[in-house]
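No lab work stands behind these numbers, since they all come straight from the coordinates. Just so we're clear, the structure is a prediction, and the values are computed from it rather than from any experiment. Don't worry about glycine lacking a Cβ; one is built from the backbone with ideal geometry, like all the others, and counts go over all protein chains shown.
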Amino acid sequence: DSGVTQTPKHLITATGQRVTLRCSPRSGDLSVYWYQQSLDQGLQFLIQYYNGEERAKGNILERFSAQQFPDLHSELNLSSLELGDSALYFCASSPNTNMNTEAFFGQGTRLTVV
Amino acid sequence: AQSVTQLGSHVSVSEGALVLLRCNYSSSVPPYLFWYVQYPNQGLQLLLKYTTGATLVKGINGFEAEFKKSETSFHLTKPSAHMSDAAEYFCAVINTGTASKLTFGTGTRLQVTL
């Protein structure tokens, strides 16, 4: 158990819909990172938050947004969903602003868009 | 920008045989290098990492990797494969300069046969 909790584990939704994925980091970790894992793109970094502020942005679509709340949990919002958004979405956390010490990954949320 | 290339998307070995998973990196500054393992329907677990110091790094489950600057490589090895090693393995890099988030390779699926 990494200590990073992601909910829900599975999500099936229709095209055009909006979903919210939730991540609770390990106790004491201030950074949260979101990754998308798909068959064609592999593991792609989406966005990082550190102590409530956006820290780094990767290949995140404009239809996607995220935030980190005062209790440090984070939510990834995906809207106007397309079939190609079907993927495994991982959250990771680390104690500070970077991942070079150790980052802990959650078990992921598998999103299926039908 | 830093990147890693994993040679071979699928590797099959017999139980008890040597495991060798290849990773080459590209980085303009000294990198931090990582190997992660993903078991079916699980998140990513850190196997080992190289930051500074000794170039031969030992990780969990009997795995080790050697950082070779001259070859820009960080190959993962295990002397004797076990059935439980069957999983997907990801090499990843962080630039020490930016040290923000992990950039992953495309992964290598390891199959272990009897």
Within the set of other residues whose C-beta is less than 12 Å from the C-beta of A:Ala92, count the net charge using Lys and Arg as +1 and Asp and Glu as -1. 0
Treating only Lys and Arg (+1) and Asp and Glu (-1) as charged, each at its beta carbon, one finds that the protein assembly as shown has a dipole about its Cα centre, in Debye to the nearest 20, of 160
Between the DSSP loop rule and a limit of at most 10 other Cβ atoms within 10 Å, which GluC sites (Glu not before Pro) in segment A:61-114 are left? A:Glu62
Applying 1/(1 + (r/R0)^6) with R0 = 22 Å to the Cβ-Cβ distance of B:Met83 and B:Ser9, what FRET efficiency is obtained, to the nearest 0.05? 0.60
The extension gain from A:Leu61 to A:Gln17, computed as 0.36 nm times the residue separation minus the Cα-Cα distance, is 14.3 nm
Let's see if you can work this out: charge +1 on each Lys and Arg Cβ, -1 on each Asp and Glu Cβ, no other charges. What is the dipole magnitude of segment B:12-108 about its Cα centre, in debye to the nearest 20? 280
Just to verify a number: FRET efficiency for B:Gln111 and B:Gln45, C-beta to C-beta distance, R0 = 22 Å, to 0.05? 0.75
Please sort by residue number the trypsin sites (Lys or Arg not before Pro) in segment A:1-47 whose DSSP state is loop and whose Cβ has at most 13 other Cβ atoms within 10 Å. A:Lys9, A:Arg18
How many nm separate the modelled label positions at B:Asn61 and A:Ser27, each set 7 Å beyond the Cα in the direction of the Cβ? 2.7
Measuring from centroid to centroid over Cα atoms, what is the spacing of segment A:1-80 and segment B:51-102 in Å? 26
For the A:Glu53, A:Thr5 Cβ pair and Förster radius 30 Å, calculated FRET efficiency rounded to 0.05 is 0.85
Quick one: net charge of B:Leu33's neighbours, Cβ under 15 Å, K/R +1, D/E -1? +2
For a bin width of 5 Å, list the pair-distance distribution of chain A built from all Cα-Cα distances, rounded to whole %. 2, 14, 24, 26, 19, 10, 4, 1
Among B:Pro31, B:Pro79, B:Pro40: highest mean-square fluctuation, GNM of chain B, C-alpha pairs under 10 Å: B:Pro40
Rounded to the nearest whole number, the per residue volume of the convex hull around the C-alpha atoms of chain B in Å³ is 94
